[in-house]
Structure formats: C-alpha cells, structure tokens
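J.: Below is one structure. I have some questions about it.
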Amino acid sequence: MRIRRPDDVQAGEITPPALYLRRRELLLGAACATAGALLPDVADAEAPPPRPLPDVRPGPFGTDEAPTPYRDATLYNNFYEFGTDKKDPMRHAGSLRTRPWTLSIEGEVAKPGRIGIEDLLRRHPLEERIYRLRCVEAWSMVIPWIGIPLGDVLAHFEPTSNAKYVAFATLYDPEQMPGQRRGVLDWPYVEGLRIDEAVHPLAILAVGMYGRELPNQNGAPLRLVVPWKYGFKSIKSIVTIRLTRTQPPTSWNVSAPREYGFYSNVNPKVDHPRWSQKRERRIGEFLKRDTLPFNGYAEQVAPLYAGMDLTKNY
Ligand SMILES: Nc1nc2c(c(=O)[nH]1)N[C@H]1C(S)=C(S)[C@@H](COP(=O)(O)O)O[C@H]1N2
Ligand SMILES: [Mo]
C-alpha cells in the first residue's frame, strides 16, 4: 500500500479533467450494470447518481488502491439521522434538502460568517483525494473524494490565536432527518478536531465523490473527511463549524466514553473494548487485511501526536 505524495505525481500522470470525468462515467456505468442482482426494495430506493462536478484536479496524498465500487459506497452507510441499518441512509436520505445550504463559521475567528454551498464551491478549487475510509466497526472502503482542504476554508474566517479546537455540527431537523426523533444519539451529531489536526493538509471538507456531488446518504452537501481517523470522525451534512478554546464534545464519546475517545486515530494496537482493531474487511473483499497505524498515513500525521500516549488518548 503506497501513499502518493504531491512530488510523486508526474506531470504526465495528471489526467485532463474532461477525460478524467469520462473515465468516471465508465466506472459508474459498470457499477450500475450490476443493479439487477440486487433485492428489488434496494434497487427501487436507489436515487440516480448526483450531478457531475466539473473542474476537479487531482490532489496530493491519494492511494493507488482500487476504489470501492460506487454502489457499495452508496448503499452500505452509517448515517444515524436516517436509521441505524446500513441500508437505511440509502433508503431514507432522499428527504434531506441539500439546496439552499448555508455553513456558519463561528467562535474564535476574526471574521465570523455564513457561506452558501455554491459560493464555497466558487471560492475554492476542487481536488480529488483517493482516501481509505476505515470504520471503527472494522470494515473499510477506498473512496475517490472531491473536496477542499479544511485549512483553506478556515483561513478565510481568520482563526484567532485562541482557536485551539474546531467543533462541527450536523443539521438538526427531525422533519428531514427522521432518525433524530429517536434517542440513539444526542442530536445534532457533533464532532471535533484539535486545530493542528484540522489544518493538516490531509483533512478535507468533501463536497463530492466519484466525480460527482455527494449522494445524500454519504453526507451531502458537505462532510468532513479525516483519513487517519475512524470513519465516525467524518461528520456528515455539516451546518456549523465553531472554533473554540476548549475541547468540544463529540457524539460517540458522549454516548460511550469508554469505547470512543476524542482522538479516535486508527490504531491496530488499541482494541475497541468489544472487538479487535488489528484487521479490517475491505468492502467487496472476502479476506481480512491488516489495519495500518493512522490508516496508512503515519508518515504524514504521527508527528502531530509526538509525546502523547495513544493507548490513553484513544
Ligand atoms: N451526521 C453523521 N455523520 C456521520 C455518521 C452519522 O451517523 N451521522 N456516521 C459516521 C460513521 S460511524 C461513519 S463510518 C461514516 C460513514 O461514512 P459513509 O456512509 O459515507 O461510508 O460517517 C460518519 N459520519
Ligand atoms: Mo463508523
């Protein structure tokens, strides 16, 4: 497993966007051709793939592993706002209205403000990052995300020197998100990062995947992707980002503090109290594979945790 770094990418390797998107169409086409093999209820509930995102350039830090088929990445999801079954988000997330959508940036910033999703897309160039997503439940996927470095988004609002952490919140609207009528988690879903983690160049706000906008079940129109942390840190359908002086609460830590810590770095040496984190099953594969420290991104992110005991700060 090899992580590509920016300087690894040869000029000739960079596919022109038009060609690139056509390649994605083929990928999607091939994936959709297997639809007939599915249970009818699943096939019926499936929304058509969202709109293509133009002008996406290849970003740094991708993996050269094969992406998970689009269909698997869009019907095996965790998004408790739409139910706790893996297929619930695909079945029910159609009720989420992703336009208009406003992101609010608050707290320890010199210029707090709100920005609409379309303006955000106009303001920042879009990059593709092929990253693994490793769930705490010991499955993983490889997703060609499209996004914006989180640090670039934050910079526009000018974080103050008091900004030590970044807190994120998902939309709270039980009418659009029927799972919020049930007490499985405290709503809205919240997550947090330390500021140095948030501005690390690997952390992105994703607005698309597989050459297209995000499907609702994957966290449209805007979600966090922090590839060296367990999947649950990648909060979906974000409406608020708040810079704070103190460590913010995170949904899974609040619900089960013994099982989920604030850091949640992928760590094969720290087992979940109820199961091992040493291996993982790549969705679509049969045999398990070894889980890598920091999900394979140790070279880039291990220095962020120098001197910390990661068995205590799990
Ligand atoms: N708002 C919200 N964000 C969320 C979740 C959720 O239930 N609600 N689930 C998390 C978990 S546990 C995982 S593994 C990933 C799954 O992302 P995917 O469905 O796109 O694979 O989303 C994370 N983000
Ligand atoms: Mo997860």
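The values are calculated or read from the model by the stated rules, or taken from the named source; none is laboratory data. What you see is a predicted model, and the numbers here were worked out from it, not measured in a lab. With ideal geometry, Cβ positions are generated from the backbone for all residues, glycine too; neighbour counts draw on all protein chains shown.
J.: Can you work out which of the residues in the range 41-56 that are loosely packed, with under 14 Cβ neighbours inside 10 Å and of a type outside the set (A, V, I, L, M) is modelled with the lowest pLDDT?
T.: 41
J.: Now a separate question. Starting from residues that are within 16 Å of ligand 2 (Cβ to nearest atom) and more than 15 Å from the chain's Cα centre (by Cα), keep the ones in the range 59-79 and report whichever is farthest from residue 219 (Cα to Cα).
T.: 72
So that you can scan it fast, the table gives a plain yes or no per residue for (1) surrounded by 24 or more Cβ atoms within 10 Å (Cβ to Cβ); (2) within 11 Å of ligand 1 (Cβ to nearest atom):
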site	(1), (2)
166	yes, no
179	no, yes
191	yes, yes
194	no, no
244	no, no
247	no, no
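J.: Restricting the search to the range 283-308, which residues are within 15 Å of residue 63 (Cβ to Cβ) and hydroxyl-bearing (Ser, Thr, Tyr)?
T.: 291, 297
J.: Also: Any chance you could count how many residues in the range 94-144 are more than 20 Å from the chain's Cα centre (by Cα) and small (Gly, Ala, Ser)?
T.: 4
J.: While we're looking at this one, here's another question. Looking only at the range 273-297, which residues are buried (at least 16 other Cβ atoms within 10 Å of the Cβ), farther than 21 Å from residue 69 by Cβ and touching a residue at least 40 places away in the same chain (Cβ under 8 Å)?
T.: Result: 277, 291, 292, 294, 297.
J.: Another question, if that's okay. Just to check your reading of the model, which residue among 147, 151, 192 is in contact with a Phe, Trp or Tyr (Cβ under 6 Å, 6 or more places away or on another chain) and in contact (Cβ under 8 Å) with a residue 40 or more places away in the chain?
T.: 192
J.: Tally up the residues in the range 270-306 that are β-branched (Val, Ile, Thr), more than 27 Å from residue 167 (Cβ to Cβ) and in a helix (DSSP H, G or I), please.
T.: The total comes to 0.
J.: So which residues in the range 124-164 are of a type in the set (Gly, Ala, Ser) and near ligand 1 (Cβ under 10 Å from one of its atoms)?
T.: 140
The rows are residues; the columns are (1) within 19 Å of residue 77 (Cα to Cα); (2) acidic (Asp, Glu); (3) away from ligand 1 (no atom under 14 Å from the Cβ); (4) buried (at least 21 other Cβ atoms within 10 Å of the Cβ).
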{"position": "206", "(1), (2), (3), (4)": "yes, no, no, yes"}
{"position": "215", "(1), (2), (3), (4)": "yes, no, no, yes"}
{"position": "223", "(1), (2), (3), (4)": "yes, no, no, yes"}
{"position": "231", "(1), (2), (3), (4)": "yes, no, no, yes"}
{"position": "236", "(1), (2), (3), (4)": "yes, no, no, yes"}
{"position": "241", "(1), (2), (3), (4)": "no, no, no, yes"}
{"position": "262", "(1), (2), (3), (4)": "no, no, yes, no"}
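Residue by residue, here is whether (1) in a loop (DSSP other than H, G, I, E, B); (2) within 16 Å of ligand 2 (Cβ to nearest atom); (3) surrounded by 18 or more Cβ atoms within 10 Å (Cβ to Cβ); (4) not hydrophobic (A, V, I, L, M, F, W, C) holds:
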| site | (1), (2), (3), (4) |
| --- | --- |
| 92 | no, no, yes, yes |
| 106 | no, no, no, yes |
| 111 | yes, no, no, yes |
| 118 | no, no, no, yes |
| 131 | no, yes, yes, yes |
| 136 | yes, yes, yes, no |
| 141 | no, yes, yes, no |
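J.: Also, I was wondering about something else. Any idea which of (1) touching a strand residue (DSSP E or B) at 6+ places or on another chain (Cβ under 9 Å); (2) farther than 25 Å from residue 192 by Cα; (3) basic (Lys, Arg) is the one residue 111 doesn't satisfy?
T.: Against the list (1) touching a strand residue (DSSP E or B) at 6+ places or on another chain (Cβ under 9 Å); (2) farther than 25 Å from residue 192 by Cα; (3) basic (Lys, Arg), residue 111 comes up short only on (2).
J.: Do you know which residues across the range 249-269 are in a loop (DSSP other than H, G, I, E, B), within 14 Å of ligand 2 (Cβ to nearest atom) and touching a strand residue (DSSP E or B) at 6+ places or on another chain (Cβ under 9 Å)?
T.: The answer is 250, 259, 260, 264, 266.
J.: Would you check which residues across the range 195-248 are within 16 Å of ligand 2 (Cβ to nearest atom), under 19 Å from residue 96 (Cβ atoms) and in a strand (DSSP E or B) and list them?
T.: Of everything in the range 195-248, those that are within 16 Å of ligand 2 (Cβ to nearest atom), under 19 Å from residue 96 (Cβ atoms) and in a strand (DSSP E or B) turn out to be 206, 223, 224, 225.
J.: Among what's in the range 46-71 and is acidic (Asp, Glu) and touching a strand residue (DSSP E or B) at 6+ places or on another chain (Cβ under 7 Å), pick the residue that is farthest from residue 146 (Cα to Cα).
T.: It comes out as 65.
J.: Tell me which residues, restricted to the range 75-90, are assigned to a loop (DSSP other than H, G, I, E, B), more than 6 Å from ligand 1 (Cβ to nearest atom) and in contact (Cβ under 8 Å) with a residue 12 or more places away in the chain.
T.: Hits for the range 75-90 are 76, 83, 84, 87.
J.: Can you tell me how many residues in the range 181-199 are in contact with a strand residue (DSSP E or B) (Cβ under 9 Å, 6 or more places away or on another chain) and of a type outside the set (Lys, Arg)?
T.: So the answer is 11.
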